[in-house]
Every structure is written in C-alpha cells, then in structure tokens.
1. So which aspartates and glutamates pass the test for Lys40, namely a Cα distance under 17 Å, with those fewer than 8 places away in the same chain ruled out?
2. Lys36 to Asp100: FRET efficiency via 1/(1 + (r/R0)^6), r the Cβ-Cβ distance, R0 25 Å, to the nearest 0.05?
3. In terms of modelled amide H atoms, which long-range or inter-chain residues lie less than 5 Å from the amide H of Ala53?
4. Using the structure shown, list the pairs from Lys67/Lys94; Lys46/Lys84; Lys55/Lys102 with a Cα-Cα distance above 18 Å, or answer none.
Amino acid sequence: MIELSLRRSLLVALTAASSLLLAFPAVAQVDEDAAKLLFKQNECGKCHNPEKAKKGPSLKKIAKDNKGDEKKLIQHLTVSKKVKLDDGTEEDHKVIDSKDQKALGNLAKWILSH
Ligand code: HEC
C-alpha cells in the first residue's frame, strides 16, 4: 500500500517535471507575428523602424543598447517617460496598453532580436 502511493507520487513528480521541460522551449521562442501585430496596433512604427532611425532609434540600435535586458525594455514599454524626438521636441513616450506580461515579454524579446 505504502509502496503504491510512493510510486504514484513519483509519477506525479515526473509528469510535472517533464511538462516543465516541454514548456521551456516555447517560452524562449519569439512569436514574431504577435510581436509585430502589437507593435503595429500601438503605432510604434511611426517612430521606430527595424533598420533606420526615424523619430526614435532603430530597433537594431535599441537591441544593441539594451544588450538583452528584457526587464528594462518591458519597463520602458509600460511606464511612460519623457523622450526627446530627433527634431529636438519632447513628448511622453507611448506605453503599451496591456497587462499581458507574456505579450509584453514577447515584444521585448522581438525588439532585442534585431
Ligand atoms: C512619437 C515617437 C515614438 C513613438 C510613437 C514610440 N516611440 Fe519608442 N522611442 C522614441 C524615442 C524618441 C526614443 C528614445 C528615447 C531616449 O533615448 O531617451 C524611444 C525609445 C524607445 C525604446 C528604447 C528605450 C531604451 O532605454 O533604450 C524602446 C524599447 C521603444 N522606444 C519602444 C517603443 C514601442 C514598443 C513603441 C510602441 C508602443 C514606441 N516605442 C513608440 C519615440 C517613440
């Protein structure tokens, strides 16, 4: 009887561990379509281009400057602060209207992948 319940808990533990392992590669991967859509919906492209500097820095430059610091990017995407546009004027940076940490993390990863 004891042995049976021991076996059962071992099985539960193993199942939990393997589902964790399965979950990880999915987390590490960037959902490019979802990121692009969020970027587009929030009109980030008005000021940011993947390659070229527009009113704001290119995504390449942002990726280079932030060196994989996903947390810092998410902070930037969700907390507004004054930024200087390339024409010298200042405005409050756009924040993404989403509390979905997964979507925000995905967008940050996508930006950093440039
Ligand atoms: C009105 C123009 C404008 C819009 C719209 C805009 N940005 Fe920016 N963004 C800027 C400028 C200018 C900077 C540079 C700020 C600085 O260096 O102080 C910047 C900086 C950034 C940075 C880099 C922060 C850092 O510390 O390196 C990220 C990331 C970013 N923007 C993402 C976005 C996203 C995502 C959107 C859409 C929700 C967006 N931006 C919309 C102008 C804009």
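1. Output for Lys40: Asp31, Glu32, Glu51, Asp97, Asp100.
2. Calculated value: 0.95.
3. Ser58
4. Correct reply: Lys67/Lys94; Lys55/Lys102.
No value in this document is a laboratory result; all are computed from the given coordinates. Computed from a predicted model, the values in this text were never measured in an experiment. Cβ sites come from the backbone with ideal geometry, for glycine too, and all protein chains shown count toward neighbours.
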